[in-house]
Every structure is written in structure tokens, then in C-alpha cells.
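For reference, the structure is listed below as C-alpha cells.
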Amino acid sequence: MRIGSLQTAHQFRTTKIVQNDLAECDDEQVAAFKKYAVEPYPEPIRRHGKMDRVVVIARNRDEAIYWEDVEEGFNLSTVSHDGTILEHWCNQDELRFALNAWIEGRERPVRVGPAISIE
């Protein structure tokens, strides 16, 4: 499989996950998603000192919601001027919890730090 095909398959899978998670969202969460949603696209992220990729599904100024395939959940992060995801969180949130961060009067999800190697 070519790299481009892998990215397309990964983005397609993420789209399906988003659709399933949106079914569990309330009206305000769906409205927030519609306001900030982007066509899913890969962006670089540094995990444990190594570069990898995640799929961005929504963008609000300098912050993004991305699907973390290693943790199997959605996370929030600030984004650099070139689009790089700057914060590696180990949350396994459903989309609705990540969206709450962008709804006035709702709490941001608790950010769980990256795993620490015992080696």
C-alpha cells in the first residue's frame, strides 16, 4: 500500500468514527462541530521524541481537535503556524468531550499527560 493510500484510508476511518461519535452529541456539541469542522487531514505530532501523524478533524484559531489512533480517542492541542500539533495528550475522549472545550460555559476535558517510559 502506498503512503497516500494509507493516509486516505486513515482519514476515511476517522470520518466514520466522527460520524458515530456525533450521534452521541447534544445539539450544542453538533453545532460546535459544524462551526469548526474541517475535512480530516493528517498533521505531524511528536510522540515520545519521535515524529508521527494524527488526523485533525476540527480547527478553532490556534487549537485543533484531532483523532489519536494510538490512544483511540480525541484530543485538543494548540497548533503551530505550520500546522504541527504541539501537545501530545494521552486522552481517550469521545468527540463530545473534546467539543465541550469550545462551548461557552462547559468544562474543558482533563488533559492526561503522555505515558512516561520506565526504561
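Restricting attention to the range 1-30, and to residues there that are among the basic types (Lys, Arg) and loosely packed, with under 12 Cβ neighbours inside 10 Å, which single residue is modelled with the lowest pLDDT? The residue in question is Arg2. Here Glu72 fulfils each of the conditions (1) of a type in the set (Asp, Glu); (2) surrounded by 13 or more Cβ atoms within 10 Å (Cβ to Cβ); (3) on the phi > 0 side of the Ramachandran plot apart from (2).
Residue pairs whose Cβ atoms lie under 6 Å apart, separated by 6 or more positions or on different chains, with the first residue in the range 44-62 and farther than 18 Å from Phe12 by Cα and without any contact (Cβ under 8 Å) to a residue 12 or more places away in the chain and the second loosely packed, with under 15 Cβ neighbours inside 10 Å and not aromatic (Phe, Trp, Tyr), are Met51/Pro44.
The values are calculated or read from the model by the stated rules, or taken from the named source; none is laboratory data. Small disclaimer: the values here were computed from a predicted structure and weren't measured. Here Cβ is always computed from backbone atoms with ideal geometry, including for glycine, and neighbour counts include all displayed protein chains.
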